């Protein structure tokens, strides 16, 4: 088996305009492609980071909300790597985004903190370097 990494993470949002602004304007993702699918009355937005990682952001009318935070079965959270966790956490807070206090991963010794997207999807900042 020759897997080389993740291609993308897919997210279904409740309010496409609000989530698009969050990921593009606040988190700084680049819009790679935006597609409206009239047969589904939904959008698919391909977003990218400089390292090639991607998010596919979908609007899907009538999609049910997430069951719980974050211990429901399935994807637990999406973690973003940063060499400056304190700086990024401060930037998010300045933008009005609630960020939990920094904690230390007992297995790696690295610092991390959680925040959420507009639908409450748990997102994590994870220190590297």
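A few notes on this one:
- Counting only DSSP beta bridges with both residues in region 76-129, the antiparallel share comes to about 60 percent.
- Size descriptor, Kirkwood hydrodynamic radius, that averages inverse alpha-carbon separations across region 8-62, Å: 11.2
- Cα long-axis angle, helix 85-94 against the chain (0 to 90 degrees, to the nearest 10): 50
- Helix-only mean residue ellipticity at 222 nm for the chain, each DSSP H run of n ≥ 4 adding -39500 (n - 2.57), per residue, nearest 500: -3500 deg cm²/dmol
- For the chain, the spherically averaged projection of the C-alpha convex hull amounts to 9.7 nm².
- Translational D in µm²/s for region 76-129 (Stokes-Einstein at 20 °C, 1.002 mPa s, Kirkwood Rh from C-alpha pairs): 191
We did not get these values from a lab; they are worked out from the coordinates using the rules stated. Nothing here was measured: the structure is a model prediction, and the numbers come from that model.
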